[in-house]
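Just below is one structure, and these are the notes that go with it.
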Amino acid sequence: MDQAEFDQYADAYDQQHAANIAITGESPDYFAEYKARETARIARLHDISPSKIVDFGAGIGNTLPHLKSEFPDSRIYAADVSEKSLAISAARFPEIATNILINRSIPLEDASADLVFTACVFHHIDPGEHGFWLSEIRRVLRPGGLFVLFEHNPLNPLTLHAVNTCPFDENAILIRNSEMRKRFRVANWNAPSSRFHVFFPSILKVMRPTERLLEWLPLGGQYSISAVR
């Protein structure tokens, strides 16, 4: 998608997203919250307490309040190519984040961020540009800074159904975890670490406490890859 396409979907994004994931029995907020929570856990594993966080592809800001809850002392930057999405985000959460509009690069100085978070963004980016944006994210992170990426897992049938029936995923190209890890390494990220998430829909939520034990199993609805610069 380009900026015009994201602008087109901005107003109806939340409603369409909610309808699309209804099969899981959860709301968009559930998925936004778990990603922020898992990001905080990964940061603790690396003993990182970020003072500056970049939400790369923040959209209309669904994850921002959860990032603020997990990292209350951090300054958060909401970065996106869609000016309209950022405007909606700012109206929803006026004091949580500073908006930055992405054009051909991330408009931040080198080594200026402690943590970069991105959620289900790279399947909207042309695969030929993945290397550039992975390198660009590495550029804005300080040495020792953390990058956490979440993506849909194309090996999960419920995920495939959700993506194939979602209007704003019409041009999405899902990426297997193994392929995304290769792209990390090509962009000079050392030792990227994978975890799989979202194994059980709401009807089986009693099983969710076991999901941490299943992080190695490549069947979760989504996966994360984390790496330190």
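Below is a table of values for the structure above.
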quantity: Some residue of the stretch 207-215 being in contact with a His (Cβ under 9 Å, 6 or more places away or on another chain) and at positive phi; calculated: no
quantity: Top-ranked residue of the stretch 33-60 - restricted to ones that are under 18 Å from PRO94 (Cβ atoms) and under 11 Å from the mean Cα position of the chain (by Cα), ranked as surrounded by the fewest Cβ atoms within 10 Å (Cβ to Cβ); calculated: GLY59
quantity: Hits in the stretch 206-229 (condition: in a helix (DSSP H, G or I) and of a type in the set (Val, Ile, Thr)); calculated: VAL206, THR210
quantity: One residue from ILE203, ILE173 being among the β-branched types (Val, Ile, Thr), modelled with pLDDT under 95, surrounded by fewer than 19 Cβ atoms within 10 Å (Cβ to Cβ) and part of a helix (DSSP H, G or I); calculated: ILE203
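Condition check ((1) surrounded by fewer than 17 Cβ atoms within 10 Å (Cβ to Cβ); (2) touching a strand residue (DSSP E or B) at 6+ places or on another chain (Cβ under 9 Å)) across all residues:
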site	(1), (2)
SER82	no, yes
ALA91	yes, no
LEU101	yes, yes
ALA111	yes, yes
ASP114	no, yes
THR118	no, yes
GLY144	yes, yes
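The values are calculated or read from the model by the stated rules, or taken from the named source; none is laboratory data. Nothing here was measured: the structure is a model prediction, and the numbers come from that model. Don't worry about glycine lacking a Cβ; one is built from the backbone with ideal geometry, like all the others, and counts go over all protein chains shown.
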